[in-house]
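Trainee: Take this structure, written in structure tokens, and hold onto it; I'll ask about it next.
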Amino acid sequence: MMTEVKRALFLCTGNSARSQMAEGLMKALSAGQWEDRSGAKRLHWPLKDPVAAIGTIEQRLVVFRRVRDDLKVRIEGLHKSE
């Protein structure tokens, strides 16, 4: 029996980091059950753009990691809601 592959398409309004992070996390967490692309999706997750972070490299990394972790929780939620 074939399992239906679900699809996700991620959009970052700044097209700079968030959609690429989401795509990578989806690939890592989905075990092939989801086909993903970064580009456009109607689901809105209001996340800070980490590329816009200012400060030292360490301060900017904190913002990138916070967004990454938030995306991971949201994507894991998508998997649980299947």
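Here, each number is a calculation from the coordinates, and none is a lab measurement. On a predicted model such as this, the values are computed, not experimentally measured, just so you know. A quick note on method: Cβ atoms are made from the backbone with ideal geometry, for glycine too, and the neighbour counts reach across all protein chains shown.
Trainee: Just to confirm the number: angle between the C-alpha axis of helix 57-80 and the first principal axis of the chain, 0 to 90 degrees, nearest 10?
Mentor: Here the helix axis deviates by roughly 20 degrees.
Trainee: Restricted to Cα positions, what overall size does the stretch 6-80 have along the principal axes? Three whole-Å values, descending.
Mentor: Largest to smallest, the principal-axis extents are 39, 20, 16 Å.
Trainee: Next question, about the same structure. Name the residue from ILE54, ALA31, CYS12 whose Cα lies farthest towards the positive end of the charge dipole of the chain, charges +1 on Cβ of Lys and Arg and -1 on Cβ of Asp and Glu.
Mentor: ILE54
Trainee: Using only Cα atoms and rounding to the nearest 10 degrees, what angle (0 to 90) does helix 18-30 make with the longest principal axis of the chain?
Mentor: Tilt relative to the chain: about 40 degrees.
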